[in-house]
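Report on one structure; see the data block that follows.
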Number of protein chains: 2
Amino acid sequence: MMAPGFGFEVTHTDGGARRGAMSTPHGDVATPAFMPVGTQGAVKAVTHRDLADLGTGILLANTYHLYLRPGDDLIARAGGLHRFIGWPRPILTDSGGYQVFSLAERRTITEEGVSFRSHLDGSSHLLTPEKAADVQAQLGSDLAMVLDECAAFPIEPAPARLSMARTARWARRARDRFETLRTSPPAGVMPTNPGQAQFGIVQGGVYPDLREESAAATVAIGFEGYAIGGLSVGEPIDLMLETVAMTTRHLPPDVPRYLMGAGTPEDLVESVARGVDLFDCVLPTRNARNGQLFTSRGRINIRNLRYREDQAPPDADCGCYTCRHFSRAYLRHLFMAGEMVAATLNTVHNLRFYLDTLERIREAIAFGWFERFRTEFHQRLSRRP
Amino acid sequence: MMAPGFGFEVTHTDGGARRGAMSTPHGDVATPAFMPVGTQGAVKAVTHRDLADLGTGILLANTYHLYLRPGDDLIARAGGLHRFIGWPRPILTDSGGYQVFSLAERRTITEEGVSFRSHLDGSSHLLTPEKAADVQAQLGSDLAMVLDECAAFPIEPAPARLSMARTARWARRARDRFETLRTSPPAGVMPTNPGQAQFGIVQGGVYPDLREESAAATVAIGFEGYAIGGLSVGEPIDLMLETVAMTTRHLPPDVPRYLMGAGTPEDLVESVARGVDLFDCVLPTRNARNGQLFTSRGRINIRNLRYREDQAPPDADCGCYTCRHFSRAYLRHLFMAGEMVAATLNTVHNLRFYLDTLERIREAIAFGWFERFRTEFHQRLSRRP
């Protein structure tokens, strides 16, 4: 049974690229879409108002962080994540798995799940496919993710197969729990979004046969959407894009496809060309806090001495608040002086660049000129600012 | 000769309180007014857009910080401080003296001025009354301050008299330089605001006779406005307010009076009752970053465990962005999780509380009910939130 509050329709295709409309209990999302990362229920350095002004259609929040602090019980009592953080639009939560594999301490994986210690206070926790579903039900995100095993890169075919198979078994358990939560939630779990949807995750490293098997097993269970996991973890870009292409080929055409954790603006354009609909990445926000700005002519680092008296905006082609009002010289001054608002202004610009790129992608697909857009996008980026 | 771009008119009086209209080259300011502190050309943790939304009429910037980094020469080449920072409304700059006395290292005061070493890189500098005027001319603020000697509290009458007398001699030199800058600026100094005005500063500790002498000497020189310096430096509140009252008594009625560096919301209301027109203070912004919120029922610290699940806004009577959208529980979470936006949201609220208090003061004076406002304001604050 599919989630009642969820829908997806591909409205245009252009080569491998798709434009679509996704509906969720908290509103519609035009795809391909980029989700800013709001780890702890806030996108670092900007307000929700900034995000809305930038045209953010959907936010990502991290289950691991929110489970540990302030806790999903507390958030459920506040009426769910949307109400707790005051964000009325769609939210996707990850399963917490990726953070357990990258942040937590003393991690042990068994068939049951992953036991770990919190990076905050050392407390012990067990994350199972069921627990990940429970926590996300309490958070009440619109799109929940199954718990998957995040294999490292590089990984040999044999362990990659074992890991992929376990992810498939966990996916079955996650879906069973998801359906139980919808019909008769167990005592102590308070789902806050009856229209929540659940996405499966395809793993299998960079091995075509494993990706195909993983896709088949996950699709057989039946989810509202499918994510491509285990990429953007250090593999070469070409291999990532090849793996994306070989994976989307095995996914049904009428459901959304989400490439987790990628990537640069160029990666996004290339992944759209291979049939991806959803993205999230910390690059625009994290790099902003380090002074790196994405522009239509490539990246610049605002700390550079050459910008000391540069009265031009970061990106002359950008219409964001930062570019409309401030010079590189002022942004450099704020950064060098350690002013917090430097992070805010840089983040506003970088998110706008990402969101605007996706908007232009959607337009190009609708008008059937995606290939031309793609070529020009790459040509422009290669001209240094 | 008075500055051409400057004007001030008292439009209403109510007891000792005055409502006025101040005009500057970058627009008008309704008084009594509070100036948010934008030390390095930015108010910490908020954007100019936030400030404008909050109704900020005039900003304060710190000469000491901007002189050291990025430098007033660089700012002058960019067209002055307004253009460099992208703030088109009025700006007041202090003289840099207070920061030299509180931040700089190896400070030596002579009749010529203050020599010191930068707290940033240890470089040697000499700040004289002339230099302070030059730097502010290059910054191009609308209101410039003379260099004064900031005496410590407590201070004995004899050294307080010496310090006050030196401040008066420096004021004479500062005004002479200010007039030279207007008519024939020396080589190497590029004034960027032909309509800049200059305020004198009354010193004299908490001694009525010294305050009277200082006021007389400063008024005799003739400035566009007068500041009350040397208060809010650790003296008891009653003594501060007494000193304010005894100082404003000796100032001409038709020019603005600026109480430097004060204070709490209660201090502002009480100082307005004693004839003050302008204020600046780091309390609302600094305390915001430490989690302390000013509300109509007194202060609260958002870190407190009691707010963990408090779904109420910080101040139910406040219409700021933060109070309209977020709960104490969410703000506490953001603060405890170390999210930068906690500082932003707290600062937005605190500044709104200050600016709104001043707006209500202006309204009360215009309608002739300032005494009633004052009584109710204090009664309300004493009810704990």
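The values are calculated or read from the model by the stated rules, or taken from the named source; none is laboratory data. Here the structure is a predicted model, which is why all the values come from computation and not from measurement. Every residue, glycine as well, gets a Cβ built from its backbone with ideal geometry; the counts of neighbours run over all protein chains shown. These accessible areas exclude ligands, DNA and RNA; they are computed on the full protein's heavy atoms, side chains included. Shrake-Rupley method; radii C 1.70, N 1.55, O 1.52, S 1.80 Å.
Determine if region A:80-102 includes at least one residue that is touching a strand residue (DSSP E or B) at 6+ places or on another chain (Cβ under 8 Å), among the hydrophobic types (A, V, I, L, M, F, W, C) and modelled with pLDDT under 95.
Yes - at least one qualifying residue is present in region A:80-102.
Out of all the residues in region A:46-57, is one or more in contact with a strand residue (DSSP E or B) (Cβ under 9 Å, 6 or more places away or on another chain), within 15 Å of residue A:347 (Cα to Cα), at pLDDT 95 or above and outside any loop (DSSP other than H, G, I, E, B)? First the steps, then the outcome.
We begin by selecting, within region A:46-57, every residue in contact with a strand residue (DSSP E or B) (Cβ under 9 Å, 6 or more places away or on another chain); these are A:48, A:51, A:56-57.
Imposing the further condition that a residue be within 15 Å of residue A:347 (Cα to Cα) reduces the set to A:48, A:51, A:56.
Checking which are at pLDDT 95 or above leaves us with A:48, A:51, A:56.
If we keep only those that are outside any loop (DSSP other than H, G, I, E, B) too, we end up with A:48, A:51.
Looking through region A:46-57, at least one residue is in contact with a strand residue (DSSP E or B) (Cβ under 9 Å, 6 or more places away or on another chain), within 15 Å of residue A:347 (Cα to Cα), at pLDDT 95 or above and outside any loop (DSSP other than H, G, I, E, B).
Of the numbered conditions (1) surrounded by fewer than 21 Cβ atoms within 10 Å (Cβ to Cβ); (2) within 11 Å of chain A (Cβ to nearest Cβ); (3) in contact with a helix residue (DSSP H, G or I) (Cβ under 9 Å, 6 or more places away or on another chain), residue B:55 satisfies every one except a single condition; which is it?
The single condition residue B:55 does not satisfy is (2).
Within region B:151-193, track down each residue that is farther than 24 Å from residue B:99 by Cα, in contact with an Asp or Glu (Cβ under 9 Å, 6 or more places away or on another chain), open to solvent by 50 Å² or more (accessible area, probe 1.4 Å) and assigned to a loop (DSSP other than H, G, I, E, B).
B:185, B:188
Tell me which of these residue B:28 doesn't satisfy, since it passes every other one: (1) part of a strand (DSSP E or B); (2) within 14 Å of another protein chain (Cβ to nearest Cβ).
All conditions are met except number (2).
Select from region B:206-257 the residues that are among the hydroxyl-bearing types (Ser, Thr, Tyr), part of a loop (DSSP other than H, G, I, E, B) and more than 20 Å from the chain's Cα centre (by Cα) and list them in ascending order. Spell out the reasoning first.
Quick first cut of region B:206-257, residues among the hydroxyl-bearing types (Ser, Thr, Tyr) only: B:207, B:214, B:218, B:226, B:232, B:243, B:247-248.
Subset that is part of a loop (DSSP other than H, G, I, E, B): B:207, B:232.
Hit for region B:206-257 is B:207, nothing else.
Could you check residue A:290 against (1) modelled with pLDDT of 95 or more; (2) farther than 19 Å from residue B:86 by Cβ; (3) open to solvent by less than 10 Å² (accessible area, probe 1.4 Å) and say which number it fails?
(3)
Would you confirm, using the coordinates I've provided, whether residue B:206 is surrounded by fewer than 23 Cβ atoms within 10 Å (Cβ to Cβ), of a type in the set (A, V, I, L, M, F, W, C) and free of Cβ contacts under 8 Å to residues at least 60 places away in the same chain? Give the derivation first.
Details: surrounded by fewer than 23 Cβ atoms within 10 Å (Cβ to Cβ): yes; of a type in the set (A, V, I, L, M, F, W, C): yes; free of Cβ contacts under 8 Å to residues at least 60 places away in the same chain: yes.
In short, yes.
With the structure loaded, tell me whether residue B:19 is surrounded by fewer than 24 Cβ atoms within 10 Å (Cβ to Cβ), in a loop (DSSP other than H, G, I, E, B) and more than 10 Å from chain A (Cβ to nearest Cβ) or whether it fails that test.
In short, no.
Considering only residues of region B:74-102 that are assigned to a helix (DSSP H, G or I) and at the interface with chain A (Cβ under 10 Å from one of its Cβ atoms), which is most open to solvent (accessible area, probe 1.4 Å)? Spell out how you get there, then give the answer.
Going residue by residue through region B:74-102, those that are assigned to a helix (DSSP H, G or I) are B:74-77, B:81-85, B:97-102.
Going one step further and asking which of them are at the interface with chain A (Cβ under 10 Å from one of its Cβ atoms), we end up with B:74-75, B:77, B:83-85.
On the way: B:74: 5, B:75: 0, B:77: 137, B:83: 180, B:84: 4, B:85: 3 Å².
The qualifying residue most open to solvent (accessible area, probe 1.4 Å) is B:83.
Are any residues in region A:211-231 touching a helix residue (DSSP H, G or I) at 6+ places or on another chain (Cβ under 8 Å) and surrounded by fewer than 21 Cβ atoms within 10 Å (Cβ to Cβ), and if so, which ones?
Matches in region A:211-231: A:212, A:213, A:217, A:221, A:222.
If you check residue B:71 against the conditions, is it more than 9 Å from chain A (Cβ to nearest Cβ) and either open to solvent by 10 Å² or more (accessible area, probe 1.4 Å) or without any contact (Cβ under 8 Å) to a residue 12 or more places away in the chain (or both)?
Values: more than 9 Å from chain A (Cβ to nearest Cβ): yes; either open to solvent by 10 Å² or more (accessible area, probe 1.4 Å) or without any contact (Cβ under 8 Å) to a residue 12 or more places away in the chain (or both): yes.
Against the criterion (more than 9 Å from chain A (Cβ to nearest Cβ) and either open to solvent by 10 Å² or more (accessible area, probe 1.4 Å) or without any contact (Cβ under 8 Å) to a residue 12 or more places away in the chain (or both)), residue B:71 qualifies.
Which residue out of A:103, A:139, A:147 is in contact (Cβ under 8 Å) with a residue 24 or more places away in the chain and touching a His at 6+ places or on another chain (Cβ under 7 Å)? Steps first, answer last, please.
Numbers: A:139 fails: touching a His at 6+ places or on another chain (Cβ under 7 Å); A:147 fails: touching a His at 6+ places or on another chain (Cβ under 7 Å).
The match here is A:103.
How many of the residues making up region A:320-365 are away from every other protein chain (no Cβ under 14 Å) and open to solvent by less than 10 Å² (accessible area, probe 1.4 Å)?
7
Take the residues in region A:305-319 that are within 11 Å of another protein chain (Cβ to nearest Cβ) and more than 15 Å from residue A:291 (Cβ to Cβ); name whichever of them is surrounded by the most Cβ atoms within 10 Å (Cβ to Cβ).
Across region A:305-319, the extreme among qualifying residues is A:313.
If I filter region A:371-384 for residues that are in contact (Cβ under 8 Å) with a residue 40 or more places away in the chain, buried (at least 20 other Cβ atoms within 10 Å of the Cβ), away from chain B (no Cβ under 11 Å) and of a type in the set (Gly, Ala, Ser), do I get at least one hit?
No, there is no match, as no residue in region A:371-384 is in contact (Cβ under 8 Å) with a residue 40 or more places away in the chain, buried (at least 20 other Cβ atoms within 10 Å of the Cβ), away from chain B (no Cβ under 11 Å) and of a type in the set (Gly, Ala, Ser).
Looking at region B:289-298, can you tell me whether even one residue there is within 12 Å of another protein chain (Cβ to nearest Cβ), farther than 22 Å from residue A:71 by Cα and either free of Cβ contacts under 8 Å to residues at least 60 places away in the same chain or under 26 Å from the mean Cα position of the chain (by Cα) (or both)?
Initially, region B:289-298 is screened for residues within 12 Å of another protein chain (Cβ to nearest Cβ), giving B:289.
Checking the rest, the ones that are also farther than 22 Å from residue A:71 by Cα come to B:289.
Next cut, either free of Cβ contacts under 8 Å to residues at least 60 places away in the same chain or under 26 Å from the mean Cα position of the chain (by Cα) (or both) only: B:289.
There is at least one residue in region B:289-298 that is within 12 Å of another protein chain (Cβ to nearest Cβ), farther than 22 Å from residue A:71 by Cα and either free of Cβ contacts under 8 Å to residues at least 60 places away in the same chain or under 26 Å from the mean Cα position of the chain (by Cα) (or both).
Of all the residues that make up region B:104-126, how many are of a type in the set (A, V, I, L, M, F, W, C), open to solvent by 10 Å² or more (accessible area, probe 1.4 Å) and either touching a helix residue (DSSP H, G or I) at 6+ places or on another chain (Cβ under 7 Å) or under 19 Å from residue B:185 (Cβ atoms) (or both)?
1
Just wondering, is there one or more residues in region A:141-150 that are of a type in the set (A, V, I, L, M, F, W, C), more than 18 Å from the chain's Cα centre (by Cα) and surrounded by 18 or more Cβ atoms within 10 Å (Cβ to Cβ)? Spell out how you get there, then give the answer.
Step one: filter region A:141-150 for residues of a type in the set (A, V, I, L, M, F, W, C), giving A:143-147, A:150.
If we keep only those that are more than 18 Å from the chain's Cα centre (by Cα) as well, we get none.
No, because not a single residue in region A:141-150 is of a type in the set (A, V, I, L, M, F, W, C), more than 18 Å from the chain's Cα centre (by Cα) and surrounded by 18 or more Cβ atoms within 10 Å (Cβ to Cβ).
Considering only region A:246-282, how many residues are without any contact (Cβ under 8 Å) to a residue 40 or more places away in the chain and closer than 11 Å to residue A:232 by Cβ?
Residues meeting the conditions: 6.
Applying the selection to region A:32-52, what residues are facing chain B (nearest Cβ under 9 Å) and either touching a Pro at 6+ places or on another chain (Cβ under 6 Å) or of a type in the set (Val, Ile, Thr) (or both)? Show your work before the answer.
So the first thing to find is which residues in region A:32-52 are facing chain B (nearest Cβ under 9 Å), and the list is A:39-50.
Once the filter is applied, which keeps residues that are facing chain B (nearest Cβ under 9 Å) and either touching a Pro at 6+ places or on another chain (Cβ under 6 Å) or of a type in the set (Val, Ile, Thr) (or both), region A:32-52 yields A:39, A:43, A:46, A:47.
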